[in-house]
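S.K.: This is the structure, below, for whatever I ask next.
Bear in mind that the values in this text are calculations on the coordinates, not laboratory data. Remember, it's a predicted structure, so these values are computed and weren't measured experimentally. All Cβ positions, glycine included, derive from the backbone under ideal geometry; neighbour counts span all protein chains shown.
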Amino acid sequence: MKIIAFAGSNSQNSINKKLATYAASLFENAEVDVLDLNDYEMPLFGVDIEVGIGQHPLAQSFLAKIATADILVVSLAENNGNYSVAFKNVFDWCSRIGAKVFQEKPMLLMATSPGARGGASVLEIAKSAFPRYGADIKATFSLPSFNDNFDVEKGRISNEELDKQLKEIVKGF
């Protein structure tokens, strides 16, 4: 089984990447490939730019990675209640190649933030929108107050109840 995991963030210290990496590690007998949005940095999407250069090769590469997945593990950063610009830009370029960006792959959709809402706003937006772009969302998970509930040194959720919730979700796949 192949897991493609990524965070909707381009931060070098992305808490969402840490959560996605941990969640992906919970799948038994899986090959895990953690993508970094920094490897897919493209010009800000615009129709005029697209006319000039066509389909961006990095967007094609991102979609090719998604195509290799049996399961997607995605944890979205929340910027002002919405997707990060880094994620939205990759998503916009990819959606111009094919509307089904997530290619009907089963998805564990997550979010975390330093705040008590745990990225709830972006998670709700994505839960509503992603199925129109080929996401087969099997489960969602929000980790509130990241700094209080995640042990960065150990790379895992430190709150036993929340950790149990995520493990049960993964077991359900």
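S.K.: Specify the angular offset, from 0 to 90 degrees and rounded to the nearest 10, of the alpha carbon long axis of helix 120-129 from the longest principal axis of the alpha carbons in the chain.
M.R.: 50
S.K.: If amide H atoms are built 1.01 Å from N in the plane of the peptide, which residues on other chains or at least 5 residues away come under 5 Å of the amide H of ALA139?
M.R.: Placed amide hydrogens put MET107, LEU109 under 5 Å from ALA139.
S.K.: Right, something else. Extension gain GLU104-ASP33, at 0.36 nm per residue separation less the Cα-Cα distance, in nm?
M.R.: In short, 23.7 nm is gained.
S.K.: Return the long-range amide H neighbours of ALA5 (sequence gap of 5 or more, or a different chain), with a cut-off of under 5 Å between placed amide H atoms.
M.R.: Those lying under 5 Å, H to H, from ALA5 are ASP33, VAL34, LEU35, VAL73.
S.K.: At a Förster radius of 30 Å, what calculated FRET efficiency corresponds to the Cβ-Cβ distance of LYS138 and ASN82, to the nearest 0.05?
M.R.: 0.85
S.K.: Please sort 156-167, 74-85 by packing, taking for each peptide the average over its residues of neighbouring beta carbons within 10 angstrom, highest first.
M.R.: 74-85, 156-167
S.K.: Per residue, what volume in Å³ does the convex hull of the Cα atoms of the chain enclose?
M.R.: Looking at the chain, the number lands at 103 Å³ per residue.
S.K.: Please state the relative contact order of the chain as a whole percent: Cα pairs under 8 Å, 6+ residues apart?
M.R.: Computed value for the chain: 23 percent relative contact order.
S.K.: Straight distance only, please: which aspartates and glutamates reach the Cα of LYS2 with their own Cα at less than 19 Å, same-chain residues fewer than 8 apart left out?
M.R.: GLU28, GLU31, ASP33, ASP36, ASP70, GLU104, ASP136
S.K.: Say the cut-off is 27 Å between C-alpha atoms; which of LYS127/LYS154; LYS105/LYS154; LYS65/LYS167 go over it?
M.R.: LYS127/LYS154; LYS105/LYS154, as the Cα separations exceed 27 Å there.
S.K.: While we're here: Suppose every Lys and Arg Cβ carries +1 and every Asp and Glu Cβ carries -1, with no other charges. What dipole size does the range 2-171 come out with about its Cα centre, to the nearest 20 debye?
M.R.: Its charge dipole is roughly 300 debye.
S.K.: Of the DSSP beta bridges with both residues in the chain, give the percent that are antiparallel, rounding to the nearest 5.
M.R.: Here the share of antiparallel DSSP bridges comes out near 10 percent.
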